[in-house]
Amino acid sequence: MITELHMEKVACFKTAVNILPKNKISLVYGLNGSGKSTISNYLYDSSDEKYSFCKINENFDHEILVYNKLFIRDYFYEEDSLKGVFSLSKENKGVLEAI
């Protein structure tokens, strides 16, 4: 479980913010520009250099699952002419793009 999420010097988090979730599942909500997407993008790919001042503390090793726009971009192929029709998996996306 995530015990602490430290966001700093990225997007709307110009100053340090510490988020301390109390449950295994947490709901993140807020106004536009409040940092929801920044948090989910960090959890999806914390290795991005723009998150170099951010940190996550966990009380045990586990997989963090994030379903956001980056996940959709990486795992689904969307045909330009048929909005809303998807094919799942990175491999299928690459094959369909090559075709």
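The values are calculated or read from the model by the stated rules, or taken from the named source; none is laboratory data. Source: prediction; values computed, not measured. We place every Cβ from the backbone using ideal geometry, glycine too, and count neighbours over all the protein chains shown. Side chains are part of the model used for accessible areas, which takes the heavy atoms of the whole protein and leaves out ligands, DNA and RNA. Shrake-Rupley method; radii C 1.70, N 1.55, O 1.52, S 1.80 Å.
Before moving on, here are some points about what is shown:
- Carbon plus sulfur fraction of accessible area for the chain, probe 1.4 Å, in percent: 55
- Close amide-amide hydrogen proximity is noted between residue 4 and 57, each under 5 Å apart and 5 or more residues distant or on a separate chain (H modeled in the peptide plane; Pro and chain starts excluded).
- Solvent accessible area, Å² - residue 47, 1.4 Å probe, full protein context: 100
- FRET efficiency estimate (nearest 0.05) - Cβ-Cβ, residue 97 to residue 29, R0 25 angstrom: 0.15
- What the phi angles of the range 12-21 give under the Karplus curve with 6.51, -1.76 and 1.60, with θ = phi - 60°, is a coupling list of 7, 8, 5, 10, 5, 10, 10, 10, 10, x Hz, glycine and proline written as x.
- Cα gyration tensor, the range 1-43 - rounded (a/c under 1.5), prolate or oblate: oblate
- GNM flexibility winner over the chain from 65, 31, 43 (Cα, springs under 10 Å): 31
- Cα centre as origin, Lys/Arg/Asp/Glu Cβ charges: the chain dipole, Debye: 460
- Correct option for Cα extents along the principal axes in Å [calculated from the coordinates] among (i) 45, 30, 25; (ii) 48, 26, 18; (iii) 39, 24, 24: (i)
- Of all the options 25, 56, 72, the one that moves most in a Gaussian network model of the chain with Cα springs shorter than 10 angstrom is 25.
- Expected 222 nm ellipticity per residue - DSSP helices of 4 or more, -39500 (n - 2.57), all of the chain, to 500: -7000 deg cm²/dmol
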